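See structure below.
The values are calculated or read from the model by the stated rules, or taken from the named source; none is laboratory data. Since the structure is predicted, the reported quantities are computational estimates derived from the model, not experimental observations. Cβ placement follows ideal geometry from the backbone for every residue including glycine, while neighbour counts extend to all protein chains displayed. Quick note on the areas: whole protein, heavy atoms, side chains included, nothing else; ligands and nucleic acids left out. Shrake-Rupley method; radii C 1.70, N 1.55, O 1.52, S 1.80 Å.
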Amino acid sequence: FAPVAVLADVWDDTLAVWVASDAPQTGALTLRVLDFRGSVLVTQTVDVSVDPRSGFLAWRGPVSELLPAGTDPRSVVVEASLEAGGIAARDLSFLVSPVRLALPDPQLRVLSVEPRGDAWRVAVTGGSFAYAVRLSLDGVGARFSDNYAHLLPGDTLLDSAALIAHADQLRQWNV
């Protein structure tokens, strides 16, 4: 559960971004179109004001107006992020069906694995866009808190895993 939510979706070649909040919020909604290597191709920002316990359509426009000429829509991701009252929310959307994406090797790597009480805290990052990252540990049963997350280049996925394993086994992460 999050007190503020952003939802970006493409339908009939139109990108729509909705914002919802439990409390009144005023802030900036930023749309960024990035290629899968992390280069920002387009940035647009609009001011938004959200009434308490409500949601609304904050931005809508044709996909064709978001892409620079010659840009392959299969090779970009749209990040819609809201900064309001110290609260941040974001969503990622694609301009084509995920099955049509021209995904690169995400170059994932484990930054750290640290014990946290009865669980382990895992940090994973990537050099390119990573679609639906799923963490697992071969041969050990584990319950991860945030599997199938998307990662923008340079972002870090912090996940916790409840499992029964020794530290040596945890160094064999399969991402």
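Counting other Cβ atoms within 10 Å, which chymotrypsin sites (Phe, Trp or Tyr not before Pro) in the stretch 1-43 have at most 16 and lie in a DSSP loop?
Within the stretch 1-43, the qualifying chymotrypsin sites (Phe, Trp or Tyr not before Pro) (loop, at most 16 other Cβ atoms within 10 Å) are Phe1.
When the Karplus curve 6.51 cos²θ - 1.76 cosθ + 1.60 is applied with θ = phi - 60°, which whole-Hz ³J(HN,Hα) does each residue of the stretch 137-151 get, with x for Gly and Pro?
So the J values, rounded to whole Hz, are 10, 4, x, 10, x, 8, 10, 9, 7, 9, 6, 6, 8, 8, 10.
What ³J(HN,Hα) values, in whole Hz, does the Karplus curve 6.51 cos²θ - 1.76 cosθ + 1.60 give for the stretch 100-115 when θ = phi - 60°, with x put for Gly and Pro?
9, 5, 9, 6, x, 5, x, 6, 6, 8, 7, 7, 7, 9, 10, x
How big is the dipole moment of the chain about its Cα centre under a simple scheme where the beta carbon of each Lys and Arg is +1, that of each Asp and Glu is -1, and everything else is neutral? Debye, nearest 20, please.
300 debye
Per residue, how much accessible surface does the chain expose to a 1.4 Å probe? Answer in Å², no decimals.
The answer is 55 Å² per residue.
For Asp155, which sequence-distant residues (separation of 5 or more, or a different chain) have an amide H within less than 5 Å of its own amide H, given hydrogens modelled in the peptide plane?
Close amide H contacts, sequence-distant or interchain: Gly126.
Just to confirm a number: summing +1 for Lys and Arg and -1 for Asp and Glu over residues other than Leu41 whose beta-carbon lies under 9 angstrom from that of Leu41, what do you get?
Here the count lands on 0.
Amide H neighbours of Leu41 under 5 Å, counting only residues 5+ apart in sequence or on other chains, H built in-plane at 1.01 Å?
Val33, Leu34, Asp35
Lys and Arg at +1, Asp and Glu at -1: add these up for the other residues within a Cβ distance under 9 Å of Ser93 and post the number.
So the surrounding residues net to -3.
When the helix-only estimate is applied to the chain (DSSP H runs of n ≥ 4, each -39,500 (n - 2.57), divided by the residue count), what is the mean residue ellipticity at 222 nm, nearest 500 deg cm²/dmol?
-500 deg cm²/dmol, from helical runs alone.
How high is the relative contact order of the chain? Use alpha-carbon pairs under 8 Å, at least six apart in sequence, and give a whole percent.
19 percent
Let me make sure I get this right: for the chain, a, b and c are the square roots of the gyration tensor eigenvalues over alpha carbons, sorted descending. Under 1.5 in a/c it's rounded, otherwise prolate if a/b > b/c, else oblate. Which is it?
Because a/c hits 1.5 or more and a/b fails to exceed b/c, the chain counts as oblate.
Where the accessible area of the stretch 62-131 is counted over protein heavy atoms with a 1.4 Å probe, how much of it, in %, is carbon and sulfur?
The value for the stretch 62-131 is 48 percent carbon and sulfur by accessible area.
Residue by residue through the stretch 5-19, what is 3J(HN,Hα) from phi via Karplus (6.51 cos²θ - 1.76 cosθ + 1.60, θ = phi - 60°)? Round to whole Hz and write x for glycine and proline.
Listing the rounded values in order: 9, 10, 10, 10, 8, 10, 9, 6, 6, 10, 8, 10, 10, 9, 10 Hz.
Not counting ligands, DNA or RNA, and with a 1.4 Å probe, what is Asp118's accessible surface area in Å² rounded to the nearest 10?
150 Å²
Once the Cα gyration tensor of the stretch 1-93 is diagonalised, what are the square roots of 5 times its eigenvalues, in whole Å and ordered largest first, as equivalent ellipsoid semi-axes?
Sorted largest first and rounded, they come to 25, 13, 11 Å.
In terms of solvent-accessible area of protein heavy atoms at a 1.4 angstrom probe, what is the ranking of Asp155, Asp138, highest value first?
Per-residue accessible area, sorted high to low, gives Asp138, Asp155.
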